[in-house]
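The values are calculated or read from the model by the stated rules, or taken from the named source; none is laboratory data. Everything quoted here is computed from the prediction, not taken from an experiment. Here the Cβ positions follow ideal geometry from the backbone for every residue, glycine too, while neighbour counts run over all protein chains shown. When the accessible area is computed, the model is the full protein with side chains, heavy atoms only, and any ligands, DNA or RNA have been set aside. Shrake-Rupley method; radii C 1.70, N 1.55, O 1.52, S 1.80 Å.
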Amino acid sequence: MKTGKPTVPEVLPIVRAYYAKPGNLCGGSLHIVIDDGNIEDSHVRLCRAWAGKRGDADGVALADLLLAMSKTQRRKLYMASPSIDETMRARG
């Protein structure tokens with residue numbers, strides 16, 4: 001990734017890969033952000049802390065990316081993120 005704020009096209013594949021991990025069907029440790037659309041910094045920080053407590057290194061890394069994004073970018077990412085139905089279809 002380039003320096004500066006991560007962009008939606010850069011982060012979306014990471015979100016999709018995170019969803020695809022076992023146990024993350026509904027957004028894993030970042031559920032309230034990437035699956036429910038709670039995009040405030042405080043929401044992302046809460047999820048980051050939860051990911052850390054669970055030993056979810058991928059969740060911590062994704063939360064760090066989300067915190068580097070603007071709230072507007074996080075909203076756009078949420079709108080572009082896979083839904084549960086899409087994820088289930090992809091798993092067959």
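Here region 36-64 is the region considered, the condition is being of a type in the set (D, E, K, R) and in contact with a Ser or Thr (Cβ under 6 Å, 6 or more places away or on another chain), and the residue that is nearest to Lys76 (Cα to Cα) is Asp56.
All conditions in (1) touching a Leu at 6+ places or on another chain (Cβ under 9 Å); (2) buried (at least 21 other Cβ atoms within 10 Å of the Cβ) hold for Gly27, with the sole exception of (1).
Okay, residues lined up against (1) open to solvent by 20 Å² or more (accessible area, probe 1.4 Å); (2) within 16 Å of Val11 (Cβ to Cβ):
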{"position": "Gly23", "(1), (2)": "yes, no"}
{"position": "His31", "(1), (2)": "yes, no"}
{"position": "Asp36", "(1), (2)": "yes, no"}
{"position": "Asp41", "(1), (2)": "yes, yes"}
{"position": "Arg45", "(1), (2)": "yes, no"}
{"position": "Ala49", "(1), (2)": "yes, no"}
{"position": "Asp56", "(1), (2)": "yes, no"}
{"position": "Gly59", "(1), (2)": "no, yes"}
{"position": "Ala63", "(1), (2)": "no, yes"}
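Within region 35-56, can one find any residue that is in a helix (DSSP H, G or I) and at pLDDT below 90? Yes - at least one qualifying residue is present in region 35-56.
Here is the figure for region 1-21: residues that are among the polar types (S, T, N, Q) and modelled with pLDDT under 90 total 1. Restricting to region 30-52, what's the tally of residues that are out of contact with any Leu (no Cβ under 8 Å at 6 or more places or on another chain) and within 20 Å of Ala80 (Cβ to Cβ)? Qualifying residue count, region 30-52: 8.
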